[in-house]
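The structure appears right after this line, and notes come after that.
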Amino acid sequence: MSKKILMIVGDYVEDYEAMVPYQAMLSVGLQVDTIAPGRKAGESVPTAVHDFVGDQTYRETPGHRFAITASFDEVHPGQYDGLYLPGGRAPEYIRLNARVLDLVRHFFETRKPVAAICHAIQILTAAKVLQGKTLTAYVAIGPDIELAGGTWKNIPADQAIVDGHLVTAPAWPAHPAILKEFYKLLGLQIQ
């Protein structure tokens, strides 16, 4: 039986951080349900591309539409083996949704694998699940991690950190690293 992954997104999720992991997980046989607050299966959310071009922070440009495959109000977290949280602008406001936080807490309470990249760590800070954890995120989220009781590590953008059932990465250049570690946490054997 294939493992099921829940991916939570929202308007202006980072394009690469949603599209690439979604397609990569499908390519290795995982079932992935994508949800967004207020959206039903068959709808979509707009994405944004965050590009690093030498400015003090990333540049944001329009992305694609990202398909929602399951209805937000109807998913049951107990049916999933892991959680994947992409970054972008979406985390700063979907973390205000009580159901998003409850879904996230389920994965921490049951110690199921969780992957979070870039600004997605804002959801974890709001869910209050980082006490005693060591992790990474986009550099601007480092202070939030410390305030939430976690230890922030500033690592290269193409690397990831694992702490128990949680794997985190600073930005989309780390897709190979975060996905490799997420697959290990899920028990997938990929040659």
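The values are calculated or read from the model by the stated rules, or taken from the named source; none is laboratory data. Source: prediction; values computed, not measured. Don't worry about glycine lacking a Cβ; one is built from the backbone with ideal geometry, like all the others, and counts go over all protein chains shown. Please note that ligands, DNA and RNA were not included when accessible areas were found on the heavy atoms of the full protein model with its side chains. Shrake-Rupley method; radii C 1.70, N 1.55, O 1.52, S 1.80 Å.
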(message) Can you go through 10, 78, 42 and tell me which one is in a loop (DSSP other than H, G, I, E, B) and farther than 16 Å from residue 93 by Cβ?
(response) 42
(request) May I ask you to list the residues in region 149-163 that are part of a loop (DSSP other than H, G, I, E, B), open to solvent by 40 Å² or more (accessible area, probe 1.4 Å) and either farther than 21 Å from residue 21 by Cα or not hydrophobic (A, V, I, L, M, F, W, C) (or both)? (result) 153, 154, 156, 158, 159
(request) Show the residue pairs that are 6+ apart or on different chains and have beta-carbon atoms under 6 Å apart, the first residue being within region 123-148 and farther than 19 Å from residue 181 by Cα, the second being in a loop (DSSP other than H, G, I, E, B). (result) 123/95; 125/148; 126/95; 131/149; 148/130
(request) Might you let me know whether region 37-53 holds any residue that is among the aromatic types (Phe, Trp, Tyr) and surrounded by 13 or more Cβ atoms within 10 Å (Cβ to Cβ)? (result) no
(message) Is it the case, given these coordinates, that residue 167 is open to solvent by 40 Å² or more (accessible area, probe 1.4 Å), of a type in the set (A, V, I, L, M), in contact with an Asp or Glu (Cβ under 7 Å, 6 or more places away or on another chain) and touching a residue at least 12 places away in the same chain (Cβ under 8 Å)?
(response) no
(request) Just one of (1) more than 14 Å from residue 183 (Cβ to Cβ); (2) modelled with pLDDT of 95 or more; (3) not aromatic (Phe, Trp, Tyr) trips up residue 50, so point out which. (result) (2)
(message) Return the residues of region 122-144 that are in contact with an Asp or Glu (Cβ under 8 Å, 6 or more places away or on another chain) and surrounded by fewer than 19 Cβ atoms within 10 Å (Cβ to Cβ); say none if nothing qualifies.
(response) 134
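Out of the residues in region 170-191 meeting the condition of being open to solvent by less than 20 Å² (accessible area, probe 1.4 Å) and either of a type outside the set (A, V, I, L, M) or over 14 Å from the mean Cα position of the chain (by Cα) (or both), tell me which one is nearest to residue 57 (Cα to Cα). Outline the logic, then answer.
First, pick out the residues of region 170-191 that are open to solvent by less than 20 Å² (accessible area, probe 1.4 Å): 170-171, 174-175, 178-179, 182, 186.
Next cut, either of a type outside the set (A, V, I, L, M) or over 14 Å from the mean Cα position of the chain (by Cα) (or both) only: 170, 175, 182, 186.
Values: 170: 13, 175: 19, 182: 27, 186: 33 Å.
That would be 170.
Against the definition (under 16 Å from the mean Cα position of the chain (by Cα) and in contact (Cβ under 8 Å) with a residue 24 or more places away in the chain), how does residue 70 come out, yes or no?
It is false that residue 70 is under 16 Å from the mean Cα position of the chain (by Cα) and in contact (Cβ under 8 Å) with a residue 24 or more places away in the chain.
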